[in-house]
1. Given (1) modelled with pLDDT of 95 or more; (2) open to solvent by 60 Å² or more (accessible area, probe 1.4 Å), where does GLU95 come up short, assuming only one miss?
2. Show the residue pairs meeting these rules: Cβ distance below 7 Å; 6+ apart or different chains; first residue within the stretch 85-105 and in contact (Cβ under 8 Å) with a residue 60 or more places away in the chain; second residue in a helix (DSSP H, G or I) and open to solvent by less than 60 Å² (accessible area, probe 1.4 Å).
3. Identify all residues within the stretch 9-21 that are in contact (Cβ under 8 Å) with a residue 60 or more places away in the chain and surrounded by 17 or more Cβ atoms within 10 Å (Cβ to Cβ); write none if there are none.
4. Taking the condition on the phi < 0 side of the Ramachandran plot, among the aliphatic types (A, V, I, L, M) and at pLDDT 95 or above, does ILE4 pass?
5. Could you run through the stretch 52-87 and say how many residues are open to solvent by 100 Å² or more (accessible area, probe 1.4 Å) and among the basic types (Lys, Arg)?
6. Whether any residue in the stretch 22-42 is touching a residue at least 24 places away in the same chain (Cβ under 8 Å), out of contact with any strand residue (DSSP E or B) (no Cβ under 8 Å at 6 or more places or on another chain) and surrounded by 19 or more Cβ atoms within 10 Å (Cβ to Cβ) is what I want to check.
Amino acid sequence: EQLITEALQPFPTPSSIRILEIGAGTGQATTLFAAHGCEIVAIEPGSNLISLAKQNLSDKPKVSFENCRFEDWELQPGSFDLVVAAVSLYWLDPEIRSRKIADAA
């Protein structure tokens, strides 16, 4: 929870920010960000994990899921205030990840 609070600290109103989460898994971090009222687009290639995350976050209307790989997802540049990822960065194509993450904000 402290890491989430620190990540949101630069934003005076967390409920007004858009977050791109790469590799949402079952939605553990997603749940913590959603508790602050953030709008979240969570990308996850595992359809079984997306199903669990949707169940875990069914009461959070500002959270949406994209079942695909980040490298294949069509990003609209400049549409996010914050990009978060944990272990998923390791799995991303290094030729694509840095440029695409930079374009997100």
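1. For GLU95, the exception is condition (1).
2. ALA86/ALA29; LEU92/PHE70; LEU92/GLU71
3. Hits for the stretch 9-21 are ILE17, ILE19, LEU20, GLU21.
4. The answer is no for ILE4.
5. Going through the stretch 52-87 one residue at a time, the tally reaches 2.
6. Yes; the residues of the stretch 22-42 include at least one that is touching a residue at least 24 places away in the same chain (Cβ under 8 Å), out of contact with any strand residue (DSSP E or B) (no Cβ under 8 Å at 6 or more places or on another chain) and surrounded by 19 or more Cβ atoms within 10 Å (Cβ to Cβ).
The values are calculated or read from the model by the stated rules, or taken from the named source; none is laboratory data. Please read all numbers here as calculations on a predicted model, not as lab measurements. When we count neighbours, we look across all protein chains shown, and the Cβ atoms used for this are built from the backbone with ideal geometry, even at glycine. The protein model used for the area step is the full one, side chains on, heavy atoms only, and it has no ligands, DNA or RNA in it. Shrake-Rupley method; radii C 1.70, N 1.55, O 1.52, S 1.80 Å.
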